[in-house]
Each structure stands twice: as structure tokens, then as C-alpha cells.
Amino acid sequence: MKHKGLILLIVLSAVVFLVFLSQQNGGPKPAGVAVGLRVPDFVLLDKDGKEIRLSQLKGKTVFVHFWASWCKECRAEMPSIYNLYKRKSSDPNFVFLSVIYKEDPADSSKYLKENNYNIPVYIDPNGNAAEIFRVTGVPETYIINPEGILTKKVIGPGRWEEF
């Protein structure tokens, strides 16, 4: 009988602890988006701190690329990314969102400047965009169609010459 009370106390303590942890981490995490599903709205910040929301980009193809300058594969992929940006930058129906992942924006900017990659970069201020896509590392790229549906997911470096 004594053991049942002790076990109940341990289980109850564990439940209270898990509830506390979930509250500390903002509660339950939203499910990640999969190819073929609508992408939930998220907010990024440009270099001046101005917000850009996915919901503002309805009707456009949105290219979301998570990267960091410390990532060897990201650096290898950057010439292809930069060429894609140059090709598509004049297309009013295409939006290029280069999102810094787990890096000081100053380090990303320094890398881009040193290598003459003149691309816009965005910050995911609360990690919400990375959470929506369930980013596990970099580079990772997501393509959202004009209706807001995720149509392509590329884990690792992509070849963007054909896109």
C-alpha cells in the first residue's frame, strides 16, 4: 500500500513538471507543414527591422531559403542561390526570402559582403517560421505557390539553375 502512494506521488509530480515545461516553452507546438498543405502565416524581419508576413505575399510564388554562413553546404550552394535571386529579382510574382538560421545577422551580412552576394536577408525573430517548416538544419528550402500551398521542400543544397 505504501508503494502505491509513492508511485502515485511520483506520477503526479511528473505530470506537474511536464505541464510546467509546456507552459515555459509556449505550450504545444504547432504541427509542421507538409508538401501539399497550406503554410500558416509567419513573420520575418528585414535588415531594417521591417516586418514581412507570408499573408502579404498571397498571389506570388515564395521561395524560403534557410541558411547560415557557418554552414559549409550553404556556402557551396550560395552561387546557385545568388544566380536564382538575380534571375528572379525582376519578377513581380516571385518573392525571395533568404532566412538566417541560428546565426548572428552581422556574421551573415559580413559573409555576403565579402563574397559580393547582394541578396536580401531576413531574420526569423522568434523562430516561428523555422518551427512551421520544422527546419532541422541548413540549408533547407521551401517553395510556396501563389495559393499559399507548400509545393516543394529541399533538404540540403539544391541546384537552382533550372528553377
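The values are calculated or read from the model by the stated rules, or taken from the named source; none is laboratory data. Predicted model only: the values in this text are computed from it and were never measured. Note that each Cβ is placed from the backbone with ideal geometry, even for glycine, and that neighbours are counted across all protein chains shown.
Data overview
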| quantity | calculated |
| --- | --- |
| Pair list, Cβ < 7 Å and 6+ apart or interchain, from the stretch 77-94 residues that are assigned by TED's automatic domain parsing to the domain that holds P139 to residues that are at pLDDT 95 or above and in a helix (DSSP H, G or I) | F94/K88 |
| Residue check for P139: in contact with an Asp or Glu (Cβ under 8 Å, 6 or more places away or on another chain), in contact (Cβ under 8 Å) with a residue 12 or more places away in the chain and crowded, with 19+ Cβ neighbours inside 10 Å | yes |
| Residues located in the stretch 120-136, provided they are over 19 Å from E51 (Cβ atoms) and free of Cβ contacts under 8 Å to residues at least 60 places away in the same chain | T136 |
| Qualifying helices (runs of 4 or more DSSP H) (wholly inside the stretch 54-163; at least 3 residues being over 24 Å from A34 (Cα atoms)) | 72-88, 105-114 |
| Looking only at the stretch 70-93, and only at residues there that are crowded, with 19+ Cβ neighbours inside 10 Å and either acidic (D, E) or in contact with a Ser or Thr (Cβ under 8 Å, 6 or more places away or on another chain) (or both), the one that is nearest to P146 (Cα to Cα) | Y85 |
